[in-house]
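Since the structure comes first, as structure tokens, the remarks are kept for the end.
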Amino acid sequence: MKRTTIAQRRRRVSPDEEKALIEAARESVLGGLRLQWLIIAAIETACRVGELLALQWADVDLTKHTLLVRAVERGAKKTGRSRRLPMSARLQAVLAMATDPAGRTHPVSDYIFGQFGQRVRDIKKAWETCVVRAHSHAPVWTTGNKLSAESREALHAIDLHFHDLRHEAGCRWLEAGWPIHHVQEMLGHANLSQTSTYLHATELGLHESMARFDTSRGQSVAKRASIDRPTHGHAPATEARKDQLH
């Protein structure tokens, strides 16, 4: 997906949709891929899918609650930049419970979101299966390993990309009051303008400022009304002022 196209997307993921995705992911495991972990990690870290799939257990420090995210190499280029991120309590709980199929802790060289520890480079089928199931559609795959026309139409109508989870994470942090430079660091953006454009931060900030203004104005109007409105059973305001002169 081109960067300009990504910046134009405004798809949000509600808590209910997130829950439905995770439930569907548990049912959509393909070849040992723990997709539900991947979805939670995307929402909790805002990492790109390539960055998440490249994570190894050696990159996890449960004691310091940090995750080392490495820049992903694509030929001669790198996507993003390496950065050490704090882990949320939710993500730490997921990774702390993780064991291999035999109940043992994972070797440090294993890939966290891989298939039985082996690196996965493409989650397209697992993701598309999960998305349509989360929206109450049973996916049908053809012999060519493609979604049927009906399932493809359902997927298109839902219009949810895995990358939208990254966007959702950033928006939630901004809405929670995070400084935008902290959000920038989590996203791995080179500068603040890139983060602002990606999350439509100016627009979001304007909406929040207007909401605060309306709230403060409403309180001010209510306060003035309580002062200006005479209380039943008392003398008019003019008479009260005369009494106060004596």
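Each reported figure results from applying straightforward, stated rules to the coordinates on display, with no laboratory input. This one's a predicted model, so the numbers in the text were calculated from it and none came from an experiment. Heads up, the Cβs are rebuilt from the backbone with ideal geometry, glycines too, and the neighbour counts pull from every protein chain shown.
Packing around the peptides 109-121, 158-170, taken as the average count of other Cβ atoms within 10 Å per residue, puts them in this order, highest first: 158-170, 109-121. Entry for the range 86-155 at q = 0.14, 0.22 Å⁻¹: log10 I(q)/I(0) = -0.65, -0.94, Debye formula applied to identical alpha-carbon scatterers, no solvent contribution.
With a ≥ b ≥ c taken as the square roots of the eigenvalues of the C-alpha gyration tensor of the range 8-186, please select rounded if a/c is under 1.5 and otherwise prolate if a/b is larger than b/c or oblate if it is not? In terms of gyration-tensor shape, oblate. Remark: the Asp16-Ala149 segment gains 45.2 nm on full extension, using 0.36 nm per residue and subtracting the alpha carbon distance.
So how do 42-50, 61-69, 178-186 stack up, highest first, on mean other-Cβ count within 10 Å? Before the final figure, lay out the partial values.
Values: 42-50: 21.6, 61-69: 14.7, 178-186: 16.2.
Answer by packing, highest mean first, reads 42-50, 178-186, 61-69.
Each Lys and Arg contributes +1 and each Asp and Glu -1, all at the Cβ; summed about the Cα centre of the range 8-186, the dipole is approximately 580 debye. Electrostatic tally near Val140: other residues with Cβ closer than 12 Å to its Cβ, Lys and Arg +1, Asp and Glu -1, net 0. Only beta bridges with both residues in the range 8-186 are counted; by DSSP, about 100 percent of them are antiparallel.
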